[in-house]
1. Which distance in nm do the two modelled labels at residue 93 and residue 122 give, with both placed 7 Å along the Cα-to-Cβ direction?
2. Apply the Kirkwood formula to the range 3-141: the hydrodynamic radius equals the inverse of the mean of 1/r over all pairs of different alpha-carbon atoms; give it in Å with one decimal.
3. Can you tell me which of 93-106, 56-69, 21-34 comes out highest on packing, and rank the rest after it, using the mean Cβ neighbours within 10 Å?
4. Using Cα pairs closer than 8 Å and at least 6 residues apart in sequence, work out the relative contact order for the range 3-141, in percent.
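Each reported figure results from applying straightforward, stated rules to the coordinates on display, with no laboratory input. Model, not experiment: these values are computed from the prediction. Reconstructed Cβ throughout: ideal geometry from the backbone, glycine too, with neighbour counts over all protein chains shown.
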């Protein structure tokens, strides 16, 4: 691997992790936790889905989400309705309270980030950061493409059934 690309990958990873750590630590105690934010954000971005699809999207087992989904439903943050095509399943969607809480939490996070950008960066640096966001988005899309390829079952050519060679049977004449 090209050393410049490897160095860029290392710097990007450490910078993003450091930024995310600071953003988490700057949140008030009543801010949405990562799991709640992930569920509400997925329902906002992707729309209604089954609990199984949500678990797959969040890359967790369904059993891991069960309690969280029950809590969010009890609090009125998500709505659970029967699946229109399969009575055995349910469909989750973002409830009004969940949308309000998600919007408020995101606005608070964005304001905190905007304040830090304004305090730490000169106008030229802010412009460079905005351009870097497009590059980071492209890297994220490339990683998403790699993940979907890795998750897909391997494409295999249809196998020909093996031709087993049967041992030659002795002829009746030689068997006597």
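1. Distance between the two pseudo-spin positions: 5.1 nm.
2. Working: mean 1/r = 0.0574 Å⁻¹.
Evaluated on the range 3-141, it is 17.4 Å.
3. On the way: 93-106: 16.6, 56-69: 13.6, 21-34: 11.3.
Packing order, densest peptide first, comes out as 93-106, 56-69, 21-34.
4. Working: 90 pairs, mean separation 30.3, N = 139.
Here the relative contact order equals 22 percent.
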